[in-house]
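Visitor: Mind having a look at this structure? Questions to follow.
The values are calculated or read from the model by the stated rules, or taken from the named source; none is laboratory data. Just so you know, these numbers come straight off a predicted model, no measurement behind them. Heads up, the Cβs are rebuilt from the backbone with ideal geometry, glycines too, and the neighbour counts pull from every protein chain shown. Heads up: the accessible areas ignore ligands, DNA and RNA and are worked out on the full protein's heavy atoms, side chains in. Shrake-Rupley method; radii C 1.70, N 1.55, O 1.52, S 1.80 Å.
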Amino acid sequence: MTRGLGSGAAGFGAAGFGATGFPDVRPRRLRQSPAVRELARETDLLPRHLVLPAFVREGLTDPAPIGSMPGVQQHSLDSLRRAAAEAAEAGVTGIMLFGVPAVRDAIGSGADDENGILNVATAAVAAEVGDALVVQTDLCLDEFTDHGHCGVLRSDGSVDNDATLDRYVLIALAQARAGSQLLGLSGMMDGQVAAVRHALDAAGFQDVLLLGYAAKYASAFYGPFREAVDSQLQGDRRTYQLDPGNRREGVREALLDEAEGTDVVMVKPAMAFLDVLREVREAVRVPVWAYQVSGEYAMIEAAAQNGWLDRERTILESLLSIRRAGADVVLTYWATEVARRLARG
Ligand code: PBG
């Protein structure tokens, strides 16, 4: 009556072989057909789970390709408007805008100038898509400073946290005035959520949402993004972004952002930090978003171009895995493409 491993203590009990000599428990029953697998599926990926990050560069008349991110472009104002309309049409729920200015300075003046590229682009996109997309803006200094850091510097070259908060407040007000509905606080300065929230509320922008990049790691996976925004950075961001070895610290940052009143917290990058994502999901009660960053995009595109990975399946699996780990929403450069594919079924 014993079959295979069925004899001995391990063979009996809840998950072993019963008196019949057959497995008592057959998980494969739930995998037998496409319809049964649909019933058994735990995690969904839908267009509404996707936000498209997009770059707009001052002075461009035609979009410019980004070499390390095949398929992604620096947009002109016109091509950005079209990309936003296409994303909305595909069912994507938001667009996160990054500006690439023509001129930079030490304090990133272009970021809070109402004629600065990001603010101009925000107004243009908001006019184009109305309520069909949640129009979102990166609130940081790195694209606008001539030294490439996310904050302003002291004379010794170190990043001055509290002086940077004063800049973030002005940028937040400029972005809200331009029509941004959600500000992505990606600079990793202490107290940034509280500072920006108070300033927005005092100016009558109570409904502008905040996305706190709570657990943002000092990651090598941002490499291609630095090309995308023409980053001027020398050195690194390790005095403000998190050490990739630290999980507890990521959770601590998320709890702090929640306490400061953020509407959403972010974990970034996504795939190399799925454990952090899961733990943050369990620790906070606000929505948790994850950013599938430029290096994650580039790796899959490069492998697919070499014929080493099935591009479409790998993209879907990567996004599903980020959702499974706990992300309510994923920022991904594939947002429009994937939303279209999901809509086709
Ligand atoms: C900083 C910022 C970065 C990214 C988004 N916001 C880069 C950095 O911290 O150096 C990276 C996004 C990506 O790699 O796709 N404002």
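Visitor: So how tilted is helix 311-325 from the main axis of the chain? Cα-based, degrees 0 to 90, rounded to 10.
Guide: The helix 311-325 is inclined about 90 degrees to the chain.
Visitor: Among P34, V280, I95, pick out the residue whose Cα is farthest towards the positive end of the charge dipole of the chain, where Lys and Arg carry +1 and Asp and Glu carry -1 on C-beta, about the Cα centre.
Guide: Checking the options against the dipole of the chain, the answer is P34.
Visitor: Just to verify a number: what accessible area does F221 come out at with the full protein assembly present, 1.4 Å probe, Å² rounded to tens?
Guide: Result for F221: roughly 70 Å² accessible.
Visitor: For the chain, find the longest principal axis of its Cα atoms and tell me its angle to the long axis of helix 161-178, 0 to 90°, nearest 10.
Guide: 90
Visitor: Also: For the ranges 107-115, 324-332, 209-217, what's the packing order if you count other beta-carbon atoms within 10 Å of each residue, average per peptide, and put the highest first?
Guide: Order by mean packing, descending: 209-217, 324-332, 107-115.
Visitor: Quick check: Cα centre of the range 118-169 to Cα centre of the range 211-284, how many Å?
Guide: 17
Visitor: Just how much of M271 is accessible, in Å², when a 1.4 Å probe is used and the result is rounded to the nearest 10?
Guide: Counting only protein heavy atoms, M271 exposes about 80 Å² to solvent.
Visitor: Please report the accessible area of E86 (heavy atoms, 1.4 Å probe, ligands and nucleic acids excluded) in Å², nearest 10.
Guide: 90
Visitor: To continue, here is another question. D243 label point, 7 Å along Cα→Cβ, cut-off 12 Å on backbone N: hits in the range 264-292?
Guide: What the label zone holds, given the 12 Å backbone N cut-off, is no residue at all.
Visitor: Between R252 and D328, what's the calculated FRET efficiency when r is the beta-carbon distance and R0 is 22 Å? Round to 0.05.
Guide: Given R0 = 22 Å and the Cβ-Cβ separation, E is 0.60.
Visitor: OK, next. Packing-wise, with mean Cβ within 10 Å as the measure, how do 316-322, 239-245 rank, highest first?
Guide: 316-322, 239-245
Visitor: If you don't mind, there's one more thing I want to ask. Just to make sure I understand: if all protein chains stay in place, what is the order of T314, T262 by accessible area at 1.4 Å, largest first?
Guide: T314, T262
Visitor: Between A343 and N115, what FRET efficiency follows from the Cβ-Cβ distance if R0 is 30 Å, with the result rounded to 0.05?
Guide: So, using R0 = 30 Å, E works out to roughly 0.20.
Visitor: A further question on this structure: By how many degrees, 0 to 90 and rounded to 10, does the Cα axis of helix 117-129 deviate from the longest principal axis of the chain?
Guide: That helix lies at roughly 60 degrees to the long axis.
Visitor: If you don't mind, there's one more thing I want to ask. How would D201, D310 line up by accessible area, probe 1.4 Å, largest first?
Guide: In descending accessible area the options line up as D310, D201.
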